[in-house]
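A short worksheet on the structure shown next.
The values are calculated or read from the model by the stated rules, or taken from the named source; none is laboratory data. Treat the numbers as computed from the prediction; the structure is a model and nothing was measured. For neighbour counting, all protein chains shown are included, and Cβ atoms are generated from backbone atoms with ideal geometry for every residue, glycine included. Ligands, DNA and RNA are excluded from the accessible area calculation, which covers all protein heavy atoms including side chains. Shrake-Rupley method; radii C 1.70, N 1.55, O 1.52, S 1.80 Å.
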Amino acid sequence: MRDGRLAGKTVLISGGASGIGLATAQRALAHGAHVAVGDVDVAAGERAARETPGLHFVRLDVTSDASWRDAVDEVRTRFRRIDGLVNNAGIMLLGDIESLSDDDWQRTQRVNVDGVFYGCRHAVRAMRDHGGSIVNLSSVSGLIGGHNMLAYNASKGAVRLLTKSVALHCARKQYGIRCNSVHPTFVDTPMYQNTLAAARDPERLRTNLLAQVPLGRPAEAREIADLILYLLSDESAFVTGAEMVIDGGMTAQ
Ligand SMILES: NC(=O)c1ccc[n+]([C@@H]2O[C@H](COP(=O)([O-])OP(=O)(O)OC[C@H]3O[C@@H](n4cnc5c(N)ncnc54)[C@H](O)[C@@H]3O)[C@@H](O)[C@H]2O)c1
């Protein structure tokens, strides 16, 4: 049964063909929203739309301003408006200050930072007449560093403060648009699984990673989706510019 927490709202989720984005799409649909997922992986996006009744897929490469414009226009044409944007698309390429290549640095900033910048700009344009909610996926890696996460740390730290600037601008303009960041630790998605699989000893890495989490397990994508759902809904009407940590106690230590 739809309980209507997002009834009447239309939400666009970048990187929504997989992981946290797809879980958020499914939760938002169950709570009464019209939902479009945008992704650069067209096969995965079309499969998600086929397998999830009511889900609409749009092609979106978050690194391209023109692609954002087309995707947002397509969603507005189909559903008449956009009330929520989840800037969820992201990549994680490992490397430290001595080993990271120029290409991995630039690709990370293109997707994780430029993508969120363009997304926020188009969302403000689409929502400034009636208000809405922007949710940006940062990470605990936007709050604390890791020796081999140079590009990812820098990108997720940028998302944290980019979010606050957008929130303050929209408040000053009285657009009724809120903007918040979400900071998960390890979440059991393809990103996490692929990182483990690429390690020399995946089980050892898994044990080491989870030793940092007081609750002793990775989050499920659905648990992050529930927090995003709250931020998209009117229940969070007084929450803007906030950094919502969801990390099983990791950064409390
Ligand atoms: N999984 C974790 O442990 C974890 C922890 C903290 C934060 N996060 C963040 O949460 C977000 C989602 O992560 P996930 O674990 O669900 O990852 P995922 O790899 O399962 O999904 C990411 C999606 O983004 C899409 N994508 C990548 N580049 C894109 C582009 N240029 N344009 C459009 N789509 C693009 C991919 O095709 C994929 O569908 C990311 O921003 C990630 O950094 C993940």
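Computed on the chain, with alpha-carbon pairs under 8 angstrom and 6+ residues apart, the relative contact order is 19 percent.
Taking amide H atoms as placed 1.01 Å from N in the peptide plane, the amide H of Val35 lies under 5 Å from those of Val11, His56, each 5 or more residues away in sequence or on another chain. In the chain, helices alone account for a calculated mean residue ellipticity at 222 nm of -14000 deg cm²/dmol, with every DSSP H run of four or more residues adding -39,500 (n - 2.57). Annotation: for a label point projected 7 angstrom from Cα along Cα→Cβ of Met191, residues of segment 219-253 with backbone N closer than 16 Å are 219-229, 244-248. Placing a label point 7 Å from the Cα of Tyr230 along the Cα-to-Cβ direction, the residues of segment 1-42 whose backbone N falls under 20 Å from that point are 3-7, 20-33.
Tell me the carbon and sulfur percent of the accessible area for the chain, rounded to whole percent, probe radius 1.4 Å. The partial results should precede the final answer.
Numbers: 6070 of 12120 Å².
Heavy-atom surface of the chain belonging to carbon and sulfur, 1.4 Å probe: 50 percent.
Given a Förster distance of 25 angstrom, what is the FRET efficiency for Ala198 paired with Asp102, based on the Cβ-Cβ distance and rounded to 0.05? Display every interim value, and only then the final one.
Details: r = 21 Å, r/R0 = 0.83.
E between Ala198 and Asp102, to the nearest 0.05, is 0.75.
So with the 1.4 Å probe, I'd like the accessible area per residue for the chain, rounded to whole Å². Before the final figure, lay out each step's value.
Details: 12120 Å² over 253 residues.
Result: 48 Å² per residue.
Segment 160-236 and segment 8-62 have Cα centres separated by 17 Å.
The residue among Gly146, Tyr175, Gly115 whose Cα reaches farthest toward the positive pole of the charge dipole of the chain, with charges on the beta-carbon of Lys, Arg, Asp and Glu, is Tyr175.
Between the residues His130, Ala197, Phe79, the greatest Cα displacement towards the positive end of the dipole of the chain, with unit charges on the Cβ of Lys, Arg, Asp and Glu, is found for His130.
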